[in-house]
Amino acid sequence: MKGIFMHIDTLILGAYENNSYVVRKDSQAKDCLIIDTGLDAGPLTSFLQSNDLNPVAIVLTHGHADHIAGVGPLREMFPEIKVCIHKADAGMLSDSASNLSMLSGVSIVTGDAEVVIEGEGPIEYAGIKLQVIHTPGHTPGGICLYNEEEKILFSGDTLFCGSIGRTDFGGYDEQKCFEQLINNIKTKLVILPEDTKVLSGHGPATTIRNEKKHNPYL
């Protein structure tokens, strides 16, 4: 998918069919930003190599295993890459219980992030400007990333086409997390321009307009 300026390649990775986004400021750029990885990063690393791309950073929308498992292989291939995650999920990178990898019988740990996002505000990597929007509920440190110029929202597992992120994980108050997630979506996401394109962590793209009209949770 090519925007007015940004060029976005979407790779569907692993058993959970995670959307991993390779974002460049334009189609000619070699530096890129990666948003999330899947359980199987092989197709992602192959894509980067075959297109001679240089990922300068990985921004993780949250700390669940199916979004962070590719960090290790990417670090091995690109030693200078910076991993970014919100501070409330930072500990999940080195805790296989909280990142849920232990549920599948595999321990996934990645080591600490180079950049810990403290709250909300602008970030910029590979010439791409994004606004961090903190949307806890699915996880305590869940974030969305918004590009105002092109009206694109990377929503992670906060908001999907016709659905929202799960809040029924062990160790958390399900009802409290559900209410928190819904409140964040309503106060921080659906207030964005209706023609904003929403690129989520799983499933097809949608728009804010479509979700306001048809999402049963909203």
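Put the Cα centre of segment 188-202 next to the Cα centre of segment 1-48 and the gap is 19 Å. Taking loop as defined by DSSP and a crowding limit of 16 other beta carbons within 10 Å, which trypsin sites (Lys or Arg not before Pro) in segment 29-85 fit? Qualifying residues, ordered by number: Lys30.
Our estimate of slack between Ile12 and Glu179, defined as 0.36 nm per intervening residue step minus the Cα-Cα distance, is 57.2 nm. The string of couplings for segment 9-15 from the Karplus curve (6.51, -1.76, 1.60, θ = phi - 60°) is 9, 10, 10, 9, 10, x, 5 Hz, one whole number per residue in order, with x for Gly and Pro.
Charge tally for Ala113 (other residues, Cβ to Cβ under 10 Å; Lys, Arg +1; Asp, Glu -1): -1. Only one residue of Gly72, Ser94, Leu33 has its Cα farthest out toward the positive end of the dipole of the chain, where Lys and Arg carry +1 and Asp and Glu -1 on Cβ, and that residue is Leu33.
Remark: for residue pairs Lys82/Lys186; Lys129/Lys176; Lys30/Lys129; Lys151/Lys213; Lys82/Lys212, the C-alpha separation exceeds 28 Å in Lys82/Lys186; Lys129/Lys176; Lys82/Lys212.
Computed from the coordinates by the stated procedures, all read-outs in this text should not be read as laboratory data. Just so it is clear, the structure is predicted and the values come from calculations on it, not from any experiment. Neighbour counts run over all protein chains shown; Cβ positions are idealised from the backbone, glycine included.
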